[in-house]
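These notes are about the structure you will find just below.
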Amino acid sequence: MKLMPVFTSEAISKRVKELGEQITQDYKEKDLIVVCVLKGAFMFFADLVREIKLDLEVDFVRLSSYANKTSSSGKVVFSKDIEISVEGKHLLLVEDIVDTGHSMAYLKKVLTARKAKSVKICALIDKRERREIDVQVDYVGFSLEKGFIVGYGLDYAEQYRNLSGVFELKFN
Ligand code: 5GP
Ligand code: MG
Ligand code: MG
């Protein structure tokens, strides 16, 4: 296996700052809960919330999907639910990468049903090629067509999460 550099930590910091500024503008005067989708988004989330210059709450959710290692299927469940009551609050879901779209479509549906005032999605990477569900990614760090990505929180078999940059993992 080989790691090919895709985004440097400098490029990521710059983009995260821009996203933070945009989110700060959009959520002025709103009760905001920023929700980290574990585990992959942990590093992006930690950097992003520091660039959002507003009073906000944080919470954490973990989803699991019955699928193979490199893609998710339509079947998604919580393996850790969020703990804050979301009714009447504006939620921003922070995800590492949107691929087929099933995970974010599920989470958005569930949280909307709990009467959140709004539910938006911020993803570090919007990966287009395998999209199956037309879920709106409101804030996109970077767009990619395809490839299996690791680093900056993202794993392959739980490895590579601690890398500061984003890499494409080549299996041959
Ligand atoms: P989906 O959008 O298909 O429901 O699933 C998204 C989830 O699948 C991501 O949050 C991530 O956990 C995993 N995933 C999809 N593509 C990649 C990838 O390129 N690299 C890694 N590490 N995980 C991925
Ligand atoms: Mg994820
Ligand atoms: Mg994973």
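Just a few scattered comments:
- For the range 19-35 and the range 147-171, distance of Cα centres in Å: 28 Å
- Of all accessible heavy-atom area on the chain, the percent that carbon and sulfur account for (1.4 Å): 49 percent
- Shape descriptor for the chain: Rg over Rh equals 0.95 (Cα atoms; Rh from the Kirkwood inverse mean 1/r).
- Hits among lysines - C-alpha to C-alpha of residue 14 under 18 Å, sequence gap 8 or more where chains match: 53
- 3J(HN,Hα) couplings calculated from phi for the range 117-122 with the Karplus curve 6.51 cos²θ - 1.76 cosθ + 1.60 (θ = phi - 60°) are, in sequence order, 6, 8, 9, 10, 10, 10 Hz; Gly and Pro show x.
- Magnitude of the charge dipole, the range 103-152, Cβ model with Lys/Arg +1 and Asp/Glu -1, debye to 20: 320 debye
- Shape call, the range 52-151: gyration tensor on alpha carbons, a/c limit 1.5: prolate
- Under a model in which nothing but the beta-carbon of Lys, Arg (+1) and Asp, Glu (-1) is charged, the range 1-113 shows a dipole of about 500 debye around its Cα centre.
- Beta bridge orientation in the chain: antiparallel %, DSSP, nearest 5: 35 percent
- Accessible area (Å², per residue) of the range 1-104, counting only protein heavy atoms and a probe of 1.4 Å: 52 Å²
- Cα gyration tensor, the range 97-168 - rounded (a/c under 1.5), prolate or oblate: prolate
- 3J(HN,Hα) along the range 99-106, derived from phi through the Karplus expression 6.51 cos²θ - 1.76 cosθ + 1.60 where θ = phi - 60°, amounts to 10, 6, x, 4, 4, 6, 5, 5 Hz, with x in place of Gly and Pro.
The values are calculated or read from the model by the stated rules, or taken from the named source; none is laboratory data. All figures in this text were calculated on a predicted structure; none of them were measured in a lab. Ideal geometry is used to build each Cβ from the backbone, glycine not excepted, and the neighbour counts take in all protein chains shown. We work out accessible area using only protein heavy atoms, side chains counted, and drop any ligands, DNA or RNA first. Shrake-Rupley method; radii C 1.70, N 1.55, O 1.52, S 1.80 Å.
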